[in-house]
Amino acid sequence: MRSKDIALIGMMTATLEVAKTALNFLPNIELVTLLVILYSLYLGKRVFFAVYAFALIEGLLFGFGIWWIMYLYIWPLLAIITLVFKNVQGRLFWALLAAAFGLFFGLFCAIPYLFIGGPSMAFSWWIAGIPYDFIHCASNFLVVLVLLPPLRKVMERFSFNQ
């Protein structure tokens, strides 16, 4: 790995953490989904280093609870999905993907509870969070719809490519 890649990964990680921290006071309104999509589109597989570094920093700041295990597969899953569809250009597609990701975030987070307390615990944990998943869905849709096009122009201007 080149020093340029290491610096880029550090900047991606820092941006993810700052974006998350800046909006911590708002329930399920975040920029991490937008940034993971953007980084996946323009920086390819390097996004995984940033996503896991972000998860590590989150664990160091807030403790390594069950929620942290979720971060180890949820954010990489979004990067994988983005990489699969990286040739799609329409912002509506990305806004809908981000919305679906927000809507199903709680369902994905319920997976560890299958192993801890069984299907009933996982189901009840997921159902309890559905109101927040709706907020997450709507906010992801709007954030990506509005901010992805200008951020893509920035990435293209500075020649961020794989």
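Overview of results
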{"quantity": "Where a residue in the range 130-153 is more than 18 Å from Phe108 (Cα to Cα) and touching a residue at least 60 places away in the same chain (Cβ under 8 Å) and its partner, wherever it lies, is among the basic types (Lys, Arg) and in a helix (DSSP H, G or I), with Cβ under 9 Å and at least six apart", "calculated": "Val144/Arg91; Leu148/Arg91; Arg152/Arg91"}
{"quantity": "Filter result (without any contact (Cβ under 8 Å) to a residue 60 or more places away in the chain, open to solvent by less than 80 Å² (accessible area, probe 1.4 Å) and in a helix (DSSP H, G or I)) within the range 87-104", "calculated": "Phe93, Trp94, Ala95, Ala99, Ala100, Leu103"}
{"quantity": "Count of the range 9-46 residues which are aliphatic (A, V, I, L, M), touching a Phe, Trp or Tyr at 6+ places or on another chain (Cβ under 8 Å) and either touching a residue at least 60 places away in the same chain (Cβ under 8 Å) or over 19 Å from Ala100 (Cβ atoms) (or both)", "calculated": "5"}
{"quantity": "Subset of the range 40-71 (residues that are among the basic types (Lys, Arg) and open to solvent by 60 Å² or more (accessible area, probe 1.4 Å))", "calculated": "Lys45"}
{"quantity": "Only listed residue being open to solvent by 20 Å² or more (accessible area, probe 1.4 Å) and either under 21 Å from Gly10 (Cβ atoms) or not aromatic (Phe, Trp, Tyr) (or both), chosen from Ile130, Ile74", "calculated": "Ile130"}
{"quantity": "Yes/no for Ala138 being within 16 Å of the chain's Cα centre (by Cα) and of a type in the set (A, V, I, L, M)", "calculated": "yes"}
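The values are calculated or read from the model by the stated rules, or taken from the named source; none is laboratory data. These figures come from a predicted structure and were not determined experimentally. Note that we place each Cβ from the backbone using ideal geometry, even for glycine, and neighbour counts take in every protein chain shown. Side chains included, ligands, DNA and RNA excluded: accessible areas come from the protein's heavy atoms. Shrake-Rupley method; radii C 1.70, N 1.55, O 1.52, S 1.80 Å.
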